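Report on the structure given below.
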Amino acid sequence: MEDRLRFGAFKGLQSVGVTRQFAKRRTILFQGEIPRGVLVLESGLAKVYGITNGGDQRTVTLLSAGDIFPVECVFDKSRVSLYYYEAVTDCSVMSLPKGEFVNALEHDGVLKDQVFQTYMAHYTSATMHIYALEHSHAQEKLVYILQYLVVRFGEKQANGLTKIALRLSHQDIAEMVGLTRETTAVELHRLKARKLISYQRFSYYVNVPLLVAATGSDEFENVAV
């Protein structure tokens, strides 16, 4: 879906918000920072991540247009951001006074429904991400994280494959499942040899029926996010 459609119901709040631009790889919000308001991604893609005691990055989730953050602060579960937020692509981010957002959420049914639907989709995706992390074998982790990415960002192609509409490096995928870049590269090559996926540079194409068959969990084929 186009960014302007994802942003949709937030357009009525642009008059009380301030929009800032963040270049690719720039930090939008730091872990432990107290946000000045409710942040809404207008366009682009952002990564939410933490850093382990060993200094490794671990991706928590990815945000696209229409997502609000940090959710834990917006809904009073924490005073500070629990994670880092980084622009994966060039991003436009709108900052809203929290009171204005809460008031709009109470009185604007379209906005409330969009926020609800967005976070039900995030919840479903998060359970799939967790399920991928629970597997002990590297290839199984990758099969399930690819399924998560298809559900979250998949675009069906004329040739029957599904394109993951993100530019992903081996390192990006490795950080999602706690693997090294080297192991991830080897296992992705094996999945390619099995014709579950194809890729070139940063673009990935998935044979969804074969991927579903590889998991043995055909119920995931029916997930709509």
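Every read-out reported here was derived from the displayed coordinates using simple, explicitly stated rules and does not represent laboratory data. All figures in this text were calculated on a predicted structure; none of them were measured in a lab. With ideal geometry, Cβ positions are generated from the backbone for all residues, glycine too; neighbour counts draw on all protein chains shown.
Some points to look at:
- Given charges at beta-carbon only (K, R positive; D, E negative), |dipole| of segment 48-151 in Debye: 200 debye
- Computed as a quarter of the hull surface, the mean projected area of the alpha carbon convex hull for the chain stands at 12.8 nm².
- 17 Å reach of a label modelled at V102, 7 Å along Cα-to-Cβ, counting backbone N of segment 11-41: 35-39
- Between the residues N103, L82, S92, the greatest Cα displacement towards the positive end of the dipole of segment 48-113, with unit charges on the Cβ of Lys, Arg, Asp and Glu, is found for L82.
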